[in-house]
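Written out below as structure tokens is the structure these notes cover.
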Amino acid sequence: MSDTNENESGLVKFLPGVINESKDNEQIEQILSLFSTVPQSSLDPSLERFQMYKNALQVYNTVRSNERLPIELKQSLDANKKLKQRTYHLVFGVLHHIEVLMDLLLESKFFSKNFELRSHEDLVLVMTYDFQSEKFSLRLPTHGTHILPPEFIEVAESLLAHKVKLGATLARMRVKQNAKSITQLIPDLRVRLKFEYAEASHCAARVNPLKVNCLQEVISRLLRDSVTRVHTKNELLGISFYQAETDLLVFSADFRPHLHSHQLVTEGFLILQDLSSYYYVDQAMQVFTRGDIVFTECHSGTEVLHAASILGDKGTVKVFSVTCEIVDGLTSKLRNLGLHNVQLISTPFSESCSSDATVSNVKLVMCALPIAQCSTSVHPVDHVLQDGEHHLSWLSPTCSPPTMTKTVRDKLTHALKFEQAERIVLLSSSDDDVNHIVRDVLEKNRIFNLPQTNHTVVNEDERTLYTSSYIITVLTKKFSELTPTKAVLARAVEKGLLDSACLGEEFVTPQIPKKRNTRQSRINALHLGIPLTPSMAPSSSKRFSKK
């Protein structure tokens, strides 16, 4: 009933003249019933949608020019998380459909009739992609248009006036190529498959143990919000989710736009986290009990937040190579989640000293490349939202991860200098020859063991020709029979400096009984410990006995 009232109020605003002139209630109801089947967004789109176009145009130009995002725009996007997600998703779609959109505008002769809009070609592309999702029927908002730039109003009115030609041209293009959607019109097969794979990928969120005592509370809240619970990944259709781990929920692709702005996420009960970084931290922390953790660098803070929430008061997470760009955002995340066991260090990891007293309690070293360089299973929009605006280039279809062989080698070589650590965990791309790098590096350092099971490929079942997988390598320390501390105490007991009764049995070195210095032993000593043969023994013994 409330939806009906909202639609009616919107229609009343849209048709003020017709309804106000008619005093017949039956006539008003007939007018409203005629428009009841038309989507509200098609009749009176919000002013926020046109503000999104303004932000999307700036982001689009920033990605194309490979520049940094203006500070004012970043602050504007951060003020509205939902609008931020929609803006990045719109830019992601435009960048993958540029060729299709240009063909559509040229074949429909849009620029021939609107030649003056050639100077606003980028804006036309952005708005055309969004307008086609509404069958080119979007109209200008009835209120607040005076704050919109004139070119936005001009493009919107031109697209609406040209909607019949645009719709017919798009339909003809789809029939010609037997395409079910505009995405299947993308000429580059690799770009099309990457876009379809990203759009169909699932999104995940980790339950915050600092705010949630029982997982059932979160699940009950989602069920009240009409989110269906399923039991396997293959059942994720529509608005649904399933529990992948004890503290990890995986959601369907259709729920992605709603998840980023959901109250459970905004209030910190759920933390958005891709599957790659989740399993990276999960495998590293499986047998970790107490001590400090070192992260060689910080990309988004997702892995740091995960490890810090598990570690609790058992140690400190020390993060090296923290740039000024992410300090404020990461500090805000730590404060919102109530985490106080993280130390941010601007010093590059390669310049850190493994013998420094501040890292003497380090038991685990985490070496990780940026998640998007390790796996394409992460949606580029999710990656930008997690890693920040300094990674906007990942929205472009032409962006490909560089070869990180040298980076992996340098990180691992320096990480092996932390001899106080018990484990070193490396997250890397399967496209790099990590196995060869690990073996070459470990040949020069015998403190850590090679991984017994080689590499763990988490998402091998999703690996295709147009996706890359990620690899988690775990190196464990070789433990000697006596640790340095025990060895010192054992020597002290042997020299009589300590009483063995005060120490455990493991500190006492077993005493080997001394051999008697007999005549036969002296003979063996002359032969360098080689025992005499039976034939030589009697004659030798007689010879020595005569003497």
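Some observations on this one:
- A single entry from ASN55, ASN61 fulfils the requirement of being among the polar types (S, T, N, Q), open to solvent by less than 20 Å² (accessible area, probe 1.4 Å) and part of a helix (DSSP H, G or I): ASN55.
- Qualifying residue in region 173-187 (condition: farther than 22 Å from LEU106 by Cβ and either within 24 Å of the chain's Cα centre (by Cα) or of a type in the set (Asp, Glu) (or both)): no
- Answer residue from region 162-176, given it is crowded, with 18+ Cβ neighbours inside 10 Å and of a type in the set (A, V, I, L, M, F, W, C) and is farthest from VAL100 (Cα to Cα) among those: LEU166
- Scanning region 64-78 for residues that are part of a helix (DSSP H, G or I) and acidic (Asp, Glu), we see that the one that is nearest to VAL265 (Cα to Cα) is ASP78.
- Criterion (touching a His at 6+ places or on another chain (Cβ under 7 Å) and either surrounded by 15 or more Cβ atoms within 10 Å (Cβ to Cβ) or on the phi > 0 side of the Ramachandran plot (or both)) met by exactly one of VAL265, VAL294, VAL281, VAL227: VAL281
- Filter result for GLY388 (open to solvent by 10 Å² or more (accessible area, probe 1.4 Å) and modelled with pLDDT of 70 or more): no
- In region 79-120, of all residues being in a helix (DSSP H, G or I) and loosely packed, with under 14 Cβ neighbours inside 10 Å, the one that is nearest to the chain's Cα centre (by Cα) corresponds to GLU99.
- Here LYS363 clears all of (1) at pLDDT 80 or above; (2) open to solvent by 20 Å² or more (accessible area, probe 1.4 Å); (3) closer than 24 Å to LEU272 by Cα except the condition numbered (3).
- Options LEU193, LEU185, LEU189, LEU210: the member that is farther than 21 Å from GLY93 by Cα and either open to solvent by 50 Å² or more (accessible area, probe 1.4 Å) or not β-branched (Val, Ile, Thr) (or both): LEU210
- Qualifying residues in region 327-354 (those that are over 18 Å from CYS367 (Cβ atoms) and in contact (Cβ under 8 Å) with a residue 60 or more places away in the chain) - the one surrounded by the fewest Cβ atoms within 10 Å (Cβ to Cβ): GLY338
- Filter pass, ALA307 being open to solvent by 20 Å² or more (accessible area, probe 1.4 Å) and touching a residue at least 12 places away in the same chain (Cβ under 8 Å): no
- Test set (1) exposed (fewer than 15 other Cβ atoms within 10 Å of the Cβ); (2) within 16 Å of the chain's Cα centre (by Cα) - LYS233 fails condition number: (2)
- Test: residue in region 111-122 that is touching a Leu at 6+ places or on another chain (Cβ under 7 Å) and of a type in the set (A, V, I, L, M): no
- Selected residue (criterion: nearest to GLU419 (Cα to Cα)) from residues of region 310-321 that are open to solvent by 10 Å² or more (accessible area, probe 1.4 Å) and among the β-branched types (Val, Ile, Thr): THR316
- Tabulated pairs, region 133-160, first hydroxyl-bearing (Ser, Thr, Tyr), second part of a loop (DSSP other than H, G, I, E, B) and open to solvent by less than 40 Å² (accessible area, probe 1.4 Å), C-beta under 6 angstrom, 6+ apart or interchain: THR142/ASP44; SER158/ASN114
- The set of residues in region 162-205 that are polar (S, T, N, Q), closer than 30 Å to SER277 by Cα and assigned to a helix (DSSP H, G or I) contains only THR183.
- In a residue-by-residue description of region 212-221, the property of being touching a strand residue (DSSP E or B) at 6+ places or on another chain (Cβ under 9 Å) and at pLDDT 90 or above applies to at least one position.
- In region 139-161, the residues that are assigned to a loop (DSSP other than H, G, I, E, B) and loosely packed, with under 15 Cβ neighbours inside 10 Å: THR142, HIS143, GLY144, PRO149
The values are calculated or read from the model by the stated rules, or taken from the named source; none is laboratory data. Predicted, not measured: the structure shown is a model, and the values here were computed from it. Quick reminder, even Gly has a Cβ in these numbers, built from the backbone with ideal geometry, and neighbours come from all protein chains shown. Accessible surface areas use protein heavy atoms only, side chains included; no ligands, DNA or RNA. Shrake-Rupley method; radii C 1.70, N 1.55, O 1.52, S 1.80 Å.
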